Amino acid sequence: MTTSTFIAGKGVLYRTDARAKLLALILLCVLVFLPVSTGGIWILFGMAWVLAYHATGFRQAMQPVKSILFMLIIMTLFTPFTYREGTVVLQLGSHLMLTREALENLSILMARFLSITYLCTLYVWTTPMADINLALRWYGLSYRAALVLTLAFRFIPFIADSFAMIQDSHALRTSAIHAGKKTWKRKIADVVPTVTAALVFALKSIPYLAMSLEHRGLGRLQKRTSFRHLPARGGFLFTQMVVSVMIPTVLWVLFT
Amino acid sequence: MQQPLESRLTAIRIALTAVLTAVVVVFTLIVRVPTPIKGYISLCDVVITFSAFLFGPWVAAIAGGVGTGIADLIGGYAQWAPLSFIIHGLQGLLIALIARSKAGKDAKLLLMILAGVIGMLVMTGGYYLAGGFLYGFEAALVEIPLNLMQSGVGVILGIAVSKAVLKAYPPVRALAQ
């Protein structure tokens, strides 16, 4: 199981510091909820898509759209039918199908959802997970919380592999007991032994992990030092932070 | 040299939270049960409920929140990560606080069910609100039945698995202290 979301590519986002990008991401996500023009939000989405295309290519840049396609279809089907007042755009007999207000609302919601999806996805595509953890540390995440994050990432592949093995061995056992077609209730009941075994397996690793942490000096009174630091990429960190604030501010001024 | 008790508890608590966080990620991304409407539900709620019953509010909140957040990042739904962190974190916290409110260390069955139902409402309501802000309250209604089903299965299996784990691995009580 791969836990990395980083995609090797090119472009300005790869050269920008993780902390500055995180600040810009939060401000831009706030921006789409402010009273700005719909065209402005679509422009923001367009900019995010162009960055994704430039960084990773067309195929990869379309992935976020594919992942939210179902919700986009649901939005298109449901939103117009809930706005029944305003200028009529489409009417079939006595049935009002579409109004201008409904279209405008759908446009805002789609632009907002697509923008947030692309902005968040771009951040995790262009920033290694270790850098995201260090950026969060820089913003005040405690040492212990960062340690939990790091350990969790180390354990995910191990637990995933173990679960696959447990599932395979239980599949052999249950197929012998319940031959024939399984009902939905039977499928859920069959999950209990597998899940229990996987949890017991994971829980048994905790004392060993705790012992390793103690041996590495966790809990000692002296202040802990960090092995890894996050160097400012592509120039001065202060300059990048200022730019990260300036971009959303300029867009806000332009789009209101 | 013998480590002080507080240090040992800290190490165990960190190890417990990290391992349960990883289990939540795996159960969200890999362990899926097919539903009658040809979809899938993930079993992350089982681990959150289990953690809440056995290990208390903070472990459940952090493992549930961080685990589902990481699963969203890895699974390609990065926009949901902060929302999942808040919703599932709150779900774990509330389930544990209610289930362990009167029973001391071990939660009683009735309280477990009540806590589970409140957890279901928090999860479903939280995602409805979040979905409402992201893509409109009308479209967000579609997700309510599946979220209710997922959290409902999570509560039922969470209770069953908690009892089963206590029987299969009694030292888990020492970890819970």
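The values are calculated or read from the model by the stated rules, or taken from the named source; none is laboratory data. Only a predicted model underlies this, so the values are computations on that prediction, with no experimental measurement involved. Methodologically, a virtual Cβ is constructed for each residue, glycine included, from the backbone with ideal geometry; neighbour enumeration extends over all protein chains shown.
Among the conditions (1) crowded, with 17+ Cβ neighbours inside 10 Å; (2) among the hydrophobic types (A, V, I, L, M, F, W, C); (3) closer than 30 Å to A:Ala24 by Cα; (4) away from chain B (no Cβ under 13 Å), the only one that A:Ile156 does not satisfy is (4).
Taken over region A:26-54, the residue count meeting the criterion of being assigned to a helix (DSSP H, G or I) and in contact (Cβ under 8 Å) with a residue 60 or more places away in the chain is 17. Of all the numbered requirements in (1) closer than 14 Å to A:Asp131 by Cβ; (2) in contact with a helix residue (DSSP H, G or I) (Cβ under 8 Å, 6 or more places away or on another chain), A:Phe33 misses one, and that requirement is (1).
In region A:95-150, of all residues being of a type in the set (Ser, Thr, Tyr) and more than 23 Å from B:Gly75 (Cα to Cα), the one that is surrounded by the most Cβ atoms within 10 Å (Cβ to Cβ) corresponds to A:Thr99.
Take the conditions (1) in contact with a Lys or Arg (Cβ under 9 Å, 6 or more places away or on another chain); (2) surrounded by 13 or more Cβ atoms within 10 Å (Cβ to Cβ); A:Tyr53 misses just one of them, which is (1). Would you confirm, using the coordinates I've provided, whether A:Leu209 is assigned by TED's automatic domain parsing to the domain that holds A:Ile41 and either modelled with pLDDT of 70 or more or more than 27 Å from A:Ala152 (Cα to Cα) (or both)? Taking the combined requirement at face value, the residue does not satisfy it.
Residue-wise test of (1) buried (at least 24 other Cβ atoms within 10 Å of the Cβ); (2) within 19 Å of A:Cys120 (Cβ to Cβ).
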| site | (1), (2) |
| --- | --- |
| B:Ile41 | no, no |
| B:Cys44 | yes, no |
| B:Gly56 | no, no |
| B:His88 | yes, yes |
| B:Val122 | no, no |
| B:Tyr135 | yes, yes |
